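Visitor: Take a look at this one; I'll ask things after.
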Number of protein chains: 4
Amino acid sequence: MQLGMVGLGRMGANIVRRIMRDGHTAVVYDVNEAPVRELVDEGAEFGTTDLAEFVSKLETPRVAWVMIPAGITGKVIDQLAELMAPGDIIIDGGNSRYHQDIERAKALAPKGIHYVDIGTSGGVFGLDRGYCLMIGGEREPVEHLDPLLKSIAPGVGTAERTPGRTGETSTAEEGYLHCGPAGAGHFVKMVHNGIEYGAMAAYAEGLNILHKADIGNRDSGDSSAEETPLENPEWYRYDLDVPEITEVWRRGSVVASWLLDLTAAALYAEPTLESFGGRVSDSGEGRWTVDAAIDEGVPAAVLTAALYSRFDSRGEALYANKVLSAMRKAFGGHHELPKA
Amino acid sequence: MQLGMVGLGRMGANIVRRIMRDGHTAVVYDVNEAPVRELVDEGAEFGTTDLAEFVSKLETPRVAWVMIPAGITGKVIDQLAELMAPGDIIIDGGNSRYHQDIERAKALAPKGIHYVDIGTSGGVFGLDRGYCLMIGGEREPVEHLDPLLKSIAPGVGTAERTPGRTGETSTAEEGYLHCGPAGAGHFVKMVHNGIEYGAMAAYAEGLNILHKADIGNRDSGDSSAEETPLENPEWYRYDLDVPEITEVWRRGSVVASWLLDLTAAALYAEPTLESFGGRVSDSGEGRWTVDAAIDEGVPAAVLTAALYSRFDSRGEALYANKVLSAMRKAFGGHHELPKA
Amino acid sequence: MQLGMVGLGRMGANIVRRIMRDGHTAVVYDVNEAPVRELVDEGAEFGTTDLAEFVSKLETPRVAWVMIPAGITGKVIDQLAELMAPGDIIIDGGNSRYHQDIERAKALAPKGIHYVDIGTSGGVFGLDRGYCLMIGGEREPVEHLDPLLKSIAPGVGTAERTPGRTGETSTAEEGYLHCGPAGAGHFVKMVHNGIEYGAMAAYAEGLNILHKADIGNRDSGDSSAEETPLENPEWYRYDLDVPEITEVWRRGSVVASWLLDLTAAALYAEPTLESFGGRVSDSGEGRWTVDAAIDEGVPAAVLTAALYSRFDSRGEALYANKVLSAMRKAFGGHHELPKA
Amino acid sequence: MQLGMVGLGRMGANIVRRIMRDGHTAVVYDVNEAPVRELVDEGAEFGTTDLAEFVSKLETPRVAWVMIPAGITGKVIDQLAELMAPGDIIIDGGNSRYHQDIERAKALAPKGIHYVDIGTSGGVFGLDRGYCLMIGGEREPVEHLDPLLKSIAPGVGTAERTPGRTGETSTAEEGYLHCGPAGAGHFVKMVHNGIEYGAMAAYAEGLNILHKADIGNRDSGDSSAEETPLENPEWYRYDLDVPEITEVWRRGSVVASWLLDLTAAALYAEPTLESFGGRVSDSGEGRWTVDAAIDEGVPAAVLTAALYSRFDSRGEALYANKVLSAMRKAFGGHHELPKA
């Protein structure tokens, strides 16, 4: 089956590679020539930096998978829609907010163009490990895409079968799932990332507690002004090997996970983590997950705490902290000055 | 009535001043001569830097109020107990953890010495405003202390009477309360401070949101790598006058409070808060409040978040944040470096 | 000066009463006749249930203060705008989200009608205590409204002057403040309410810790399956009088506040709080404050925890909790059943 | 090599089975005869309900692994110590708080008895999957135990080798790790469980957001009094299949983990989770992890939120919620009654 790919960044290019490995064909487009040429060299049937030419090379019904930054996705989808015909399918495989999927599907419907949103997880490992695909849209176009989705997804063999499941496998067991109408794919991917934030923070906080388990040995010296003295220093005299601890948890423990695998590898490679500055970015999904929780009126304390810890890591609480110091000075008389 | 005061720091000295204003007498002790001389000049009947002499000047039953740093309180109480007699009263008016009160009362009981713990709130304003007193211990010695407690407390006239209360005033309406047996005073004071942390953080976070309400006007430039772009910059184009806002809330609003009064004054005096470094200390009470909540199995999300925000302000999440960056690099490929 | 009031619920009616006390005149409108008649009886110069008639009675430039539920505010403002003329002023004094203010001001601008948003705090006490007013809009119409705003606000005498302030009082000291352009009033009021959530939760959590300080005396019996046994039961044997504790904090303590005054009164009136079900509502402002924090990328852990505790109080975590139990059963073998 | 096992509950018995599979021998003890007989039938060399007899059958240096409830562990260890000789080894493989390990090791040292604490993760799956072992104690006895530990642990083949690791495997790669001196094993296990709480809650919260993604379709009817109306109901009209979503995430996604495997299995077996009551227990480790974070002064917002959500699930916020309702009534006039 043929796939048209718009955007040959790492994820777009690797999805193309993965389907070609399975015998599918690909027409590829990018604004830059280099990645286009590279994919053609690797076997894509046609490549171009001209969007109209790209569309003209697609077999009908056309399948155009858009894999570009969220900021320009809308514009490119509009351009594609101008060039496409009823029955064609546009896929947004990027990180759009699902609200936009709902609007785009509505806007494309009168033209007879199908819109499918696919939340794609897998990161830099997707080429080999496969991509987990969360899909929103109408049933027919999603079914039409099935052969491609099956090739992109990891495949049932990449995990042990869930106990209790018997008979034919569901697509979820292959690693792709039609979650619901327009936006459902990005909605589920959004919550997936929200969970990812929470799980990451759970490990990070726990490792920090291990890391500082030697506080009973430290000279409390200067810190005495800022912290209450430790009541039981004899409880905090461990010099723990955090990299080895993450390794030991990989086997047999309740917290074994792919994130832990990655953490163990990162800590093995650089035990001190000294190359990192400690300022942690956040993309939209973590924020949008919290927005959704609030709209739904459900508590999401863990996911939100994980998000805020990233804001904090970037110094965004500074003004609030100065307000606290100002209050403390006002009623307690102590002035918490900047460090000399 | 006579009060013996051990420790003439700001709070100890001001408590002595407050009771002398009301016609009580004071015997005072400190390790340093200067504050002793100062208080004697102001009318204390006797002052000394010798603890045994201090005890010898007290009328029986002796009343010794210990107002010194928590770290040395235990030792001084032991010394006092050696010098005192059955029926005497030792008051710990400092910031001991209430566990210690329970132990000390038990240790002093066989000697017939009464132990009273008094959590004291009021800060630098206590001399004029009075001190709010939360008291633990046996009924008899607490009743014996009543004339002194009444003088130290703010007095019923310092707030409007609570609607519904009629007839004779309770001591709570004067600003002092016998809360229960040994430790109850410091327990209630501990939770008081826990609430204080939470309320302070509520203001600080809210003012931070006001402070950054101009983000839609800022050049997103560099931050684009760290944050998702603002979806609706037109919603964040306010240049708000935070000092004036804290002032306007002082009258008629639901968040009017003494803490807000202090905040408004601090922001009026230094609108930019530039003299503060943003590292916020924590004393023991906020931590102990959370420990108590966990022991009791009751959720204390707000009080704990307030405590953690202080830890965060001192950079204590740094290692955790590096772990997050290491994970993000592992699955996403982006390396969050230290700032150049 | 004349004020037109649209909506005679408690707050609308009391604002009218407050300005009339100061010698201003009022034209009033409501969909129901009873409150209209009541206000006319109390001295309003004209009352009607017909919006066109209401507008016709206003002196130019007309001032129409809309004080109705947020859900219908937009529609009524549209109707008013049809009936009004360039130079007139429409005030939204309700609880609109500030996004709507920005849109409405933009929509009314071409007609020359001024739009002013006023966040109003004060609740059931506003008539006597005055209303704290947070105002957004253009400078000229806000200045025009000054005499009315001054009458509605509490007045400078209702709190001690902030130390350091000298000379002429600012309007903030009267209890009203022009915060910025359209939406600024409701933005500041929104954050005000967010702070209110946080401060309320701080007290509530602290009182809960006091309330359960007797856990060491309770028969742990049944709870043993759900909780780890208490390590030090002797630390939790206090039977604390929570109503009296809230009373004692009202004088001299750092947590004295109007909210505490109300809490002390409520606990005095009903010490057990048995008439309350424990399900706590939330209006929009707490949610919108968190949305704003997230958009701005600033941490608001306390305000968010306060919001989530309300969601939790309504059972909204039930499904999440069942998921936790399902996990626990899977790896630990224990089935957490519904209560018999 | 010979292992003595004290306590034949599920974990004790399965550890015995696992070492016997590997050719080691076992002497077993339990207060109940049935499990003793069962293990002897399965090949244990000796079994008894008499502790002295148990000790007498052990080869020197004796190895006694205590695997009994934390509440009685201390007493049994004391009894064992009376019966044992210098050079013998007592292992606490249960869930003791690490403080106790520190004390016990100190108490046993003068007798020449070695104390080793082993945090054991694996739950009901340990027999087949192996147990992850986190070990505290002196180097020599831990090295002496190596053959047994290797048999109990999962083994290096149960996970792919961490990229970058070459040459000989470390014991961490086998699934067991000597973490440090007395208490280090239980300390690391404690934090492990703290992380487990956080990760579990991350999934649970996320699935709850998915579960309620249909709120835009629900009749808001009754809830209108408690919640602000949904601004964009069209964003919440998804009827998501949560069991299938957990399945799809098992392959290729960033949140793949053993906990997710278990969740997918549980949701497949009972999609509605109706057999669960929603009250979630907590054992000590989650609490102790937070205590440690607070002692160390490091923020642990996610781990703490996870703990509090369990307290909340058991109704422990009820009093706090009533306080909130009482405040709301006081300033807003609305009485939040119990449900009829």
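Visitor: Relative to the Cα centre, what is the charge dipole magnitude of region A:8-121, using +1 at the beta carbon of each Lys and Arg, -1 at the beta carbon of each Asp and Glu, and rounding to the nearest 20 debye?
Guide: The calculation lands at about 320 debye.
Visitor: Turning to a different aspect of this structure: Please grab the % of Cα pairs in the protein assembly as shown that end up more than 49 Å from each other.
Guide: 38 percent
Visitor: Quick one: if you stick a label point 7 Å off each Cα along the C-beta vector at C:Arg10 and B:Thr25, how many nm between them?
Guide: 5.7 nm
Visitor: Okay, next question. Could you compute the net charge surrounding B:Thr171? Neighbours are other residues with a C-beta less than 9 Å from the C-beta of B:Thr171; K and R count +1, D and E count -1.
Guide: -3
Visitor: Can you tell me which of C:Phe187, C:Phe54, C:Phe125 moves the most in a GNM of chain C? Springs connect C-alpha atoms under 10 Å apart.
Guide: C:Phe125
Visitor: Which whole number in µm²/s is D for chain C by Stokes-Einstein, with the Kirkwood Rh taken over Cα pairs at 37 °C and 0.692 mPa s?
Guide: This corresponds to a translational diffusion coefficient of 141 µm²/s.
Visitor: How much net charge surrounds B:Tyr29 when only the other residues with a Cβ under 10 Å from the Cβ of B:Tyr29 are counted, with Lys and Arg +1 and Asp and Glu -1?
Guide: Around B:Tyr29, the surrounding residues sum to -2.
Visitor: Mean separation of Cα pairs under 8 Å and 6+ residues apart, divided by the residue count of region D:184-296: what relative contact order is that in percent?
Guide: 33 percent
Visitor: I've got another one for you. Only Cα pairs under 8 Å and at least 6 apart count here; give the relative contact order of chain C as a rounded whole percent.
Guide: Rounded, it is 11 percent for chain C.
Visitor: Using a 10 Å cut-off around each Cβ of peptide B:97-106, what is the average number of partner chain Cβ atoms that fall inside?
Guide: 2
Visitor: Would you mind checking the tilt of helix C:318-332 against the longest principal axis of the Cα atoms of chain C, expressed as 0 to 90 degrees and rounded to 10?
Guide: 20 degrees
Visitor: Let me know the mean shielding of C:279-290 by other chains, meaning the per-residue number of their Cβ atoms within 10 Å of its Cβ.
Guide: So the per-residue partner count for this stretch is 6.
Visitor: Oh, and also: For region B:169-267, take the alpha-carbon Rg, divide it by the Kirkwood Rh, and send me Rg/Rh.
Guide: 1.19
Visitor: Okay, moving on. Quick one: dipole size for the protein assembly as shown, taken about the Cα centre, charges +1 on Lys/Arg Cβ and -1 on Asp/Glu Cβ, in debye to the nearest 20.
Guide: Using only the charged Cβ atoms, the result is roughly 0 debye.
Visitor: Taking chain C as a Gaussian network, where each spring joins two C-alpha atoms under 10 Å apart, which residue of C:Gly74, C:Gly185, C:Gly216 fluctuates the most?
Guide: Its mean-square fluctuation being the largest, the pick is C:Gly216.
Visitor: Would you mind checking the tilt of helix B:10-21 against the longest principal axis of the Cα atoms of chain B, expressed as 0 to 90 degrees and rounded to 10?
Guide: 50 degrees
Visitor: Sort C:Asp41, D:Asp101 so that the residue with the fewest other Cβ atoms within 10 Å of its own Cβ comes first and the one with the most comes last.
Guide: Ordered by Cβ neighbours within 10 Å, fewest first: C:Asp41, D:Asp101.
Visitor: How big is the Cα convex hull of region C:1-84 in projection, averaged over all directions, in nm²?
Guide: 4.8 nm²
Visitor: Among the listed pairs A:Lys212/B:Lys339; A:Lys322/C:Lys212; B:Lys150/D:Lys329; A:Lys212/D:Lys189; A:Lys75/C:Lys106, give every one whose C-alpha distance is greater than 22 Å.
Guide: As for pairs spanning more than 22 Å Cα to Cα, those are A:Lys212/B:Lys339; A:Lys322/C:Lys212; B:Lys150/D:Lys329; A:Lys75/C:Lys106.
Visitor: Further question: Taking only DSSP H segments of four or more residues, each worth -39500 (n - 2.57), what value at 222 nm results for chain C once the sum is divided by all its residues, to the nearest 500 deg cm²/dmol?
Guide: -14000 deg cm²/dmol
Visitor: Relative to a virtual label point 7 Å from the Cα of D:Asn32 in the Cα→beta-carbon direction, which members of region D:127-165 show backbone nitrogen distances below 19 Å?
Guide: D:127, by backbone N distance to the label point.
Visitor: Within the set of other residues whose C-beta is less than 14 Å from the C-beta of C:Glu59, count the net charge using Lys and Arg as +1 and Asp and Glu as -1.
Guide: 0
Visitor: Rounded to the nearest 10 degrees, what's the angle between the helix C:301-313 long axis and the longest principal axis of chain C, both from Cα atoms, 0 to 90?
Guide: Between the helix axis and the principal axis of chain C, the angle is about 80 degrees.
Visitor: Spin-label point model (7 Å from Cα, Cβ direction): what's the C:Gln79 to A:Glu82 distance in nm?
Guide: Distance between label points: 4.5 nm.
Visitor: How would you rank B:Thr48, D:Thr49, A:Thr60, D:Thr120, going from fewest to most other Cβ atoms within 10 Å of each one's own Cβ?
Guide: Final ranking by Cβ density, sparse to dense: A:Thr60, D:Thr49, B:Thr48, D:Thr120.
Visitor: Okay, moving on. Given D:Trp249, D:Leu8, D:Gly332, which one lies farthest toward the positive end of the charge dipole of chain D, if we put +1 on the Cβ of every Lys and Arg and -1 on the Cβ of every Asp and Glu?
Guide: D:Gly332
Visitor: In addition: Sort D:Asp22, B:Asp30 so the one with the fewest other Cβ atoms within 10 Å of its own Cβ comes first.
Guide: D:Asp22, B:Asp30
Visitor: Follow-up question, since we're still on this one. Once each part is reduced to its C-alpha centroid, what is the distance from region A:228-259 to region B:94-110 in angstrom?
Guide: For region A:228-259 versus region B:94-110, the Cα centre distance is 35 Å.
Visitor: Anyone know which of D:Ala292, D:Ala85, D:Ala266 comes out most mobile in the 10 Å Cα GNM of chain D?
Guide: It is D:Ala266.
Visitor: Another question, if that's okay. Looking down the axis that turns D into C, which residue of D has the closest beta carbon, and how many Å out?
Guide: Here the nearest residue and distance are D:Asp312, 2.
Visitor: What does the average come to when, for each residue of peptide C:116-128, you count the partner chain Cβ atoms lying within 10 Å of its Cβ?
Guide: What the average comes to for C:116-128 is 3.
Visitor: Moving on to the next point. Note down the magnitude of the dipole of chain A about its Cα centre, charges +1 on Lys and Arg C-beta and -1 on Asp and Glu C-beta and zero elsewhere, to the nearest 20 debye.
Guide: 400 debye
Visitor: Pick out, from A:Leu83, A:Ala153, A:Tyr176, the residue whose Cα sits farthest towards the positive end of the charge dipole of region A:26-181, with +1 on the Cβ of Lys and Arg and -1 on the Cβ of Asp and Glu.
Guide: A:Tyr176
Throughout, read-outs are computed from the coordinates displayed, never taken from laboratory work. Remember, it's a predicted structure, so these values are computed and weren't measured experimentally. Note that each Cβ is placed from the backbone with ideal geometry, even for glycine, and that neighbours are counted across all protein chains shown.
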